[in-house]
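The values are calculated or read from the model by the stated rules, or taken from the named source; none is laboratory data. Note that the structure is predicted; figures quoted are calculated from it, not measured. Cβ placement follows ideal geometry from the backbone for every residue including glycine, while neighbour counts extend to all protein chains displayed. Remember, those area values only see protein heavy atoms, side chains included, never the ligands or the DNA or RNA. Shrake-Rupley method; radii C 1.70, N 1.55, O 1.52, S 1.80 Å.
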Amino acid sequence: MDHIIFFKDNQSFKDTIDKIILSYSRPYTTYFPIQFQQIAKVVEKVPDLLLFYFSENLSDPDRGRLRNLEIDFPRIKVCLFSSEIYAMDAWRLNVFHFD
């Protein structure tokens with residue numbers, strides 16, 4: 001089973017994502033934390049997952065969070081969604097995908 005987290009500080013994507021069927025052939029579970037600390041609870045149970053991380057303005061706390069995720073949980077794949085001016089930051093952070 002695939003596990004996918006959609007995260008943005010203080011915002012849930014549940015209503016939007018639940019309207020979309022991501023796959024008919026692969027089972028998956030979605031998570032919608034609104035606080036970063038909630039991600040750790042999911043990762044402790046499921047170490048292999050895909051994290052969609054949304055941040056319009058990539059702040060220093062965001063960078064620190066992403067660095068720590070990569071160090072503490074190397075099996076997580078992070079897709080970072082932010083402004084194009086942060087593309088070099090995404091490359092330095094070694095994210096799986098940047099958009």
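Sub-7 Å Cβ pairs linking a first residue in the range 43-61 that is touching a residue at least 40 places away in the same chain (Cβ under 8 Å) to a second residue that is in a loop (DSSP other than H, G, I, E, B), at least 6 apart or interchain, are Asp48/Arg75; Leu49/Ile76; Leu51/Ile76; Ser55/Ser82, ordered by first then second residue. Scanning the range 3-48 for residues that are open to solvent by less than 100 Å² (accessible area, probe 1.4 Å), charged (D, E, K, R) and either part of a loop (DSSP other than H, G, I, E, B) or more than 18 Å from Leu69 (Cβ to Cβ) (or both) yields a total of 4. When each of Tyr53, Tyr24, Tyr28 is tested for being more than 28 Å from Ile85 (Cα to Cα) and touching a Leu at 6+ places or on another chain (Cβ under 8 Å), the lone residue that passes is Tyr28. Residue count for the range 54-78 under the criterion of being of a type in the set (A, V, I, L, M) and over 11 Å from Val95 (Cβ atoms): the result is 1. Can you name the residue in the range 85-99 that is part of a loop (DSSP other than H, G, I, E, B) and touching a helix residue (DSSP H, G or I) at 6+ places or on another chain (Cβ under 8 Å) and, of all such residues, is surrounded by the fewest Cβ atoms within 10 Å (Cβ to Cβ)? So, considering only residues that are part of a loop (DSSP other than H, G, I, E, B) and touching a helix residue (DSSP H, G or I) at 6+ places or on another chain (Cβ under 8 Å), the one surrounded by the fewest Cβ atoms within 10 Å (Cβ to Cβ) is Asn94.
Within the range 86-99, residues that are within 13 Å of Leu69 (Cβ to Cβ) have Cβ atoms under 8 Å from residues that are of a type in the set (D, E, K, R) and not in a strand (DSSP E or B) in these pairs: Leu93/Arg63; Leu93/Arg67; Leu93/Glu70; Asn94/Glu70, counting only partners at least 6 apart in sequence or on another chain. Entry remark, the range 49-84: residues being open to solvent by 80 Å² or more (accessible area, probe 1.4 Å), more than 20 Å from Lys14 (Cα to Cα) and in a loop (DSSP other than H, G, I, E, B) number 3 in total.
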